[in-house]
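The values are calculated or read from the model by the stated rules, or taken from the named source; none is laboratory data. Keep in mind that what you see is a predicted model, and the values were worked out from it rather than measured. As a convention, Cβ positions derive from the backbone with ideal geometry for all residues, glycine included, and neighbour counts pool all protein chains shown.
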Amino acid sequence: MPLEFPKSRRIFSARERENMAKRSLIIVESPSKARTIERYLGKEFRVEASNGHIKDLPAKKFGVDVTDNFKAEYVVMSGKAKIIKKLKERASKVDNIFLATDPDREGEAIAWHIAEEVNGSGKNTRRVLFNEITPEGLKEGMANPHDVNMNLVNAQVTRRIIDRIVGYTVSPFLGSVLYRGLSAGRVQSVALRIVCERHEEIINFNPQEYWTLDVELITEKQEAFTARLHHIAGKKPEISSEADMQKIVDAVRNQDFVVSEVKKKDVRKSPPPPFTTSTLQQDAASRLRLTPRRSMSIAQRLYEGVDIGGGEPTGLITYMRTDSTRVSDSAVKSARNFISSKYGDEFIPTKPNVFRQKKKQVQDAHEAIRPTDPTLLPDSLKGKMEEAELKLYRLIWQRFMASQMTPSILAQTTVDISAGDEHLFRIAGSIEKFAGFRKVYPPVREREELFIPKEIEKDDKVTAQDFLPEQHFTEPPAYYSQSSLIKELDAQGIGRPSTFSDIIAKLYDRKYVETGNRKLVPTETGLLVNKILVENLPDIFDIKFTAKMEEELDEIETGAEEYLTVLNDFYKPFRASMDNAEEKKSDIKAQFLEETDEKCEKCDSPMLIRFNRSGEKFMGCSGFPKCKNAKPLPGSKEKTDEPTGKSCPDCNNPLVIKRGRYGRYVGCSNYPDCRHTESLGTDIACPKTGCEGEIVEKTSRKGKLFFGCGRYPDCDYATWNKPVLYSCECGHYFVEQRSNKTRGSYYSCPECKNSYDSIEEGEEA
């Protein structure tokens, strides 16, 4: 029987809280989410965090037995053993365990793994879903506990297995035909294909010449305006040369210009629906200049709770991974009441706006992204949260409010002017008659409207003052921006909106794309990788195939499809395609070994253009591995040592930053005569009490970069995170640069754990 909750700040009464606290544990995946929930439940109620996934496929081996029904070997992730131990200890002291991880596939898989670890003693373990971290959202979730949804788990596991198969099979293949370190992904590589195909379309574009003709006109009341040639003998003009244009100018120059028609009508612009994950990322990119990863990281914090005063976190938006435009009745009512009191009843439609879903497969378990409290105005939060958080909250609030407002009305005027019997010129424009939803959600850019005389009427004669022919050339399609690529991926059904940010981030991380004027341009490496995959594995990295795979994952989620069927249907043709590609590996590799006219100085064999491990081209002997002669390409820029501004203590020559096998280091510019070397310093003092050393850049035995005290072994201070000189609010003199999948790159104070999304190095907080 569902619990009855009192209407109060906390969802349990004092007695209920006391009893429940003794026998119940809530497990979420995020510490910040745990703190927000604890605010409403009370600190005496136990809430713990798993810090994301606790188990995954092994990092250093395949972990999937394709011969035994795709049995997956899930292992405890690095660093999670202590967390699991803590959760088990807490679970042993309670009767009930509530798994409150995020309400999606990934959250369900996390809940499943947690249940496996903590439920060994047969505890009453139930799954609860919180669409919003508010008293109302917690009340609804806790009142409706259920079992872990294995359909959702199976969908996530299937996706994970397929991604593992593709990554562990195709990535080594790429490395063997081009160079090591390359990667491929089921969705990542299709996104790369879309970017590369647009690039090919642009570079192969053949511009076509065309002309337009404007005429400057003046009314009898001396009002000047400009109209454009619209039709010739009832057809759109196709003017491809200056000579053709001159014939038209000559034909109309001596004609009478008469207003043949004046059309005036009201055009209604309907409000947009509230945000889904995809549209939020698109709008955040175009309006706020936020990358998809950044916008999703901020949205996560707004959902889990931020401190807006009083030292306690507050959940400000509903769950931010959703395809749905559905909104709860209570939220609609709250919005309509606010709009009425703030702007007037003319801004409220007679009935609440309801938006149809445009996509076939929609994850409708959660509402659209909206503010948890529509009456919490963005302006009231100024100075109470980070600027980026406030900007995104304002955008979400504006979009939601606009979705429940009346359409905007534009008064549109179209004027046709005839020049003789065949030539028709036209001018059109509009002005805002009623703002409607644009009152809170104006367009990004207002279209520049042409001047139209107010009193112009049919049959009025106007005089041609000047003719303005202009040459143009057709333009290629634009490169994708992050926003437009997300829109394309969403339209094609490639990936899930919740993964778009990671997909794009991977393209950057792998250096498959670069940004030019905020556009995604494929690098040479990206083009080569795409060429290999499309030419040799066309069925696997096909847009329609990938979209169909997403549909099948959705069907597993709903129970309409068996996960083993999907895995088998995928693996058999995939394995056949890979076997075929492996057979052609030598021929594929030969395509990228460009022979030069030069001969090897050591063995007289032809020199080839090859790739090194970093993807850089060099010239190597075709007799490799017997002959290992190699040299830079003619005209290539050799890496130069960076000056340090310091002198060598042994010979007084300049010290420079060099690059060796194990990373960067400081060495004497007079090498090999002087072999003085030292670690690369950061100019940041070691934080250990009593130590007078400096933090320096080091490299582990496995080649991984870390930072430690230069006085080692006398001082053992070390960290994997790059220290950056910046005065934290707590007074600590440096912060550490960190990164994770959820938030991306950020900075954290090692002393007080305060974090910053961005900083100016060397400056005060």
What pairs come out if I take residues in region 536-553 that are more than 28 Å from LEU178 (Cβ to Cβ) and in the same structural domain as ARG186 (by TED's automatic domain parsing) and pair them with residues that are part of a helix (DSSP H, G or I) and at pLDDT 90 or above whose C-beta lies under 8 Å away, six or more apart or interchain? GLU552/VAL566; GLU552/ASP569; LEU553/ALA155; LEU553/THR158; LEU553/ARG159; LEU553/VAL566
Can you tell me how many residues in region 274-299 are surrounded by 15 or more Cβ atoms within 10 Å (Cβ to Cβ), at pLDDT below 95 and assigned to a loop (DSSP other than H, G, I, E, B)? 3
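Given the criteria at pLDDT 95 or above and either under 22 Å from ARG294 (Cα atoms) or not in a loop (DSSP other than H, G, I, E, B) (or both), does LEU395 qualify? Give the derivation first.
Values: at pLDDT 95 or above: yes; either under 22 Å from ARG294 (Cα atoms) or not in a loop (DSSP other than H, G, I, E, B) (or both): yes.
In short, yes.
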Being hydroxyl-bearing (Ser, Thr, Tyr) and farther than 15 Å from TYR168 by Cβ is the filter; apply it to region 557-576 and report the residue that is surrounded by the fewest Cβ atoms within 10 Å (Cβ to Cβ). THR558
For region 567-580, check the following and say yes or no: at least one residue is closer than 30 Å to SER622 by Cα, among the acidic types (Asp, Glu) and in a helix (DSSP H, G or I). yes
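Is one or more of the residues making up region 227-235 of a type in the set (D, E, K, R) and not in a strand (DSSP E or B)?
No, the conditions are met nowhere in region 227-235.
Identify, from the list ILE532, ILE503, the residue that is touching a helix residue (DSSP H, G or I) at 6+ places or on another chain (Cβ under 8 Å) and farther than 30 Å from SER297 by Cα. Working first, answer last.
Working: ILE503 fails: farther than 30 Å from SER297 by Cα.
After applying the criteria, what remains is ILE532.
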Output for Cβ contacts, cut-off 7 Å, separation at least six or different chains, first residue more than 30 Å from VAL249 (Cβ to Cβ) in region 392-420, second of a type in the set (S, T, N, Q) and part of a strand (DSSP E or B), reads LEU410/SER430; ALA411/SER430
How do the helices (runs of 4 or more DSSP H) wholly within region 447-557 filter down when requiring 2 or more residues that are more than 30 Å from MET245 (Cα to Cα) and among the aromatic types (Phe, Trp, Tyr): which remain? 500-509
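Return yes when SER586 is hydroxyl-bearing (Ser, Thr, Tyr), on the phi < 0 side of the Ramachandran plot and under 38 Å from the mean Cα position of the chain (by Cα) and no when it is not. Write out each step before concluding.
Values: hydroxyl-bearing (Ser, Thr, Tyr): yes; on the phi < 0 side of the Ramachandran plot: yes; under 38 Å from the mean Cα position of the chain (by Cα): yes.
Answer is yes for this residue.
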So if I check each of ILE54, ILE83, which one is buried (at least 18 other Cβ atoms within 10 Å of the Cβ) and more than 25 Å from MET320 (Cα to Cα)? ILE83
Sole exception among (1) surrounded by 18 or more Cβ atoms within 10 Å (Cβ to Cβ); (2) in contact with a Pro (Cβ under 7 Å, 6 or more places away or on another chain) for LEU302, by number: (2)
Inspect all residues belonging to region 307-320 and state whether any of them is over 21 Å from GLN404 (Cβ atoms), in a helix (DSSP H, G or I) and assigned by TED's automatic domain parsing to the domain that holds ALA368. no
For region 351-364, indicate whether the set of residues that are of a type in the set (A, V, I, L, M) and either assigned to a helix (DSSP H, G or I) or under 22 Å from the mean Cα position of the chain (by Cα) (or both) is non-empty. yes
Looking only at residues that are among the hydrophobic types (A, V, I, L, M, F, W, C) and over 20 Å from the mean Cα position of the chain (by Cα) in region 185-220, which one is surrounded by the fewest Cβ atoms within 10 Å (Cβ to Cβ)? ILE203
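So if I check each of ALA590, ALA576, which one is of a type in the set (A, V, I, L, M) and more than 30 Å from GLN492 (Cα to Cα)? Explain how you work it out, then say what you get.
Details: ALA576 fails: more than 30 Å from GLN492 (Cα to Cα).
Going through ALA590, ALA576 in turn, the sole match is ALA590.
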Give the residues of region 472-485 that are crowded, with 16+ Cβ neighbours inside 10 Å and hydrophobic (A, V, I, L, M, F, W, C), sorted by residue number. LEU485
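For region 581-613, name all the residues that are in a helix (DSSP H, G or I) and free of Cβ contacts under 8 Å to residues at least 60 places away in the same chain. Give the steps one after another, and end with the answer.
Kept after step one, since they are in a helix (DSSP H, G or I), are these residues of region 581-613: 581-583, 585-591.
Within region 581-613, GLU583, SER586, ASP587, ALA590, GLN591 meet the criteria.
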Residues of region 429-469 being of a type in the set (A, V, I, L, M) and within 30 Å of ILE348 (Cα to Cα), in sequence order, are ILE431, ALA435, VAL440, VAL444
If you take the residues of region 486-545 that are over 13 Å from the mean Cα position of the chain (by Cα), closer than 30 Å to ALA368 by Cα and of a type in the set (Lys, Arg), which of them is surrounded by the most Cβ atoms within 10 Å (Cβ to Cβ)? LYS519
